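What follows is a short report on a single structure.
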Amino acid sequence: MEAERRTQMSAEQTENRDLSEQIKEVTKESHVRAENTELMLSFQRGQVTLPQYKLLLCSLYEIYQALEEELDRNSNHPAVAPIYFPAELARLKSIETDLEYFYGPAWREKIVVPAATQRYCHRLRQIGKENPEYLVAHAYTRYLGDLSGGQVLGRIAQKSMGLKSSEGLSFFAFPGVSSPNLFKQLYRGRMNSVELTAEERSGVLEEAVRAFELNIQVFDGLQKMLSVAGNLQQESSTNSNAVYRKTLQFPGSLSPMVRMALGLFVALAAVMGLYAL
């Protein structure tokens, strides 16, 4: 309710502004909070880890699959058509390429996401069916955000993870966009041309705030997954002999390789169980 009240107040204060400016105004606070999540701070500090990035890619895959399927399905909707740029902006194929690079050909079987990602995807599916004009808020938030920071974040990720080439970083590349700044101007112009009733515009602004909140929840969920997995792996390593002998009744002569494999299996199973609730 408080977020809706702030959105309404900001919308009233910027009533005569373009839609892109209104969205920027109403999401100002959420934008700052998103930038200060632990995951985003890791990027800003140049300390993003491979486990962080791989899990982020898994969530981005699910999110963009939902977003782009709904944009495709509603591409002729009067609110969606002006901002529909699949050739320039679509991210799904790029993410699939990166996932195959990190996880191998069977990457689809290794996708693990927090519950927050599932909620985000559910929301995208819901508005795609019920309020397609709200997709404008999500497309603007995700695509222009990725386009704005893509090249910089890509370089940070490459250096942080010690990658020797740009392989695994296709998500950050927009080969169909020759000039990000000019394209963003075009995109905002198209978005501002969308004809909306006062009620629809208010709904789009509320959805923009919701989009940021959903992204924040995903970032926090990913960090919790990493923390849980790290703690379980550490505990498993510390107590491996006692755990395996007492509860699993394995012989004490297990090799270090087998112990490590079992520890990772227990950690992953616990993480997946926790976030399937």
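The values are calculated or read from the model by the stated rules, or taken from the named source; none is laboratory data. Note that this is a predicted model, so its numbers are computed, not measured. So basically every Cβ, Gly included, is an ideal-geometry build from the backbone, and we count neighbours across all protein chains shown. Remember, those area values only see protein heavy atoms, side chains included, never the ligands or the DNA or RNA. Shrake-Rupley method; radii C 1.70, N 1.55, O 1.52, S 1.80 Å.
In table form, for the structure just shown:
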read-out	value
Failed condition for ARG142, given (1) more than 20 Å from TYR61 (Cβ to Cβ); (2) part of a helix (DSSP H, G or I); (3) touching a residue at least 60 places away in the same chain (Cβ under 8 Å)	(1)
VAL194 being modelled with pLDDT of 95 or more, under 21 Å from ILE127 (Cα atoms) and not in a helix (DSSP H, G or I)	yes
Hits in region 94-132 (condition: part of a loop (DSSP other than H, G, I, E, B) and open to solvent by 20 Å² or more (accessible area, probe 1.4 Å))	PRO105, ALA106, ILE111, VAL112, VAL113, ASN131
Pairs with Cβ under 9 Å, 6+ apart, first in region 184-196 and in contact (Cβ under 8 Å) with a residue 60 or more places away in the chain, second in a loop (DSSP other than H, G, I, E, B) and among the charged types (D, E, K, R)	ARG188/ASP18; MET191/ASP18; ASN192/ASP18
Residue match in region 153-172 (condition: open to solvent by 20 Å² or more (accessible area, probe 1.4 Å), assigned to a helix (DSSP H, G or I) and free of Cβ contacts under 8 Å to residues at least 24 places away in the same chain)	yes
Identity of the residue in region 13-31, assigned to a helix (DSSP H, G or I) and open to solvent by 80 Å² or more (accessible area, probe 1.4 Å), that ends up modelled with the highest pLDDT	GLU21
Residue check, GLY145 open to solvent by 20 Å² or more (accessible area, probe 1.4 Å) and under 21 Å from LYS28 (Cβ atoms)	yes
Residues located in region 185-225, provided they are of a type in the set (D, E, K, R) and open to solvent by 30 Å² or more (accessible area, probe 1.4 Å)	ARG188, ARG190, GLU195, GLU199, GLU200, ARG201, GLU206, ARG210, GLU213, ASP220, LYS224
Selection status of ILE111, in contact with a helix residue (DSSP H, G or I) (Cβ under 7 Å, 6 or more places away or on another chain) and closer than 23 Å to LEU226 by Cα	yes
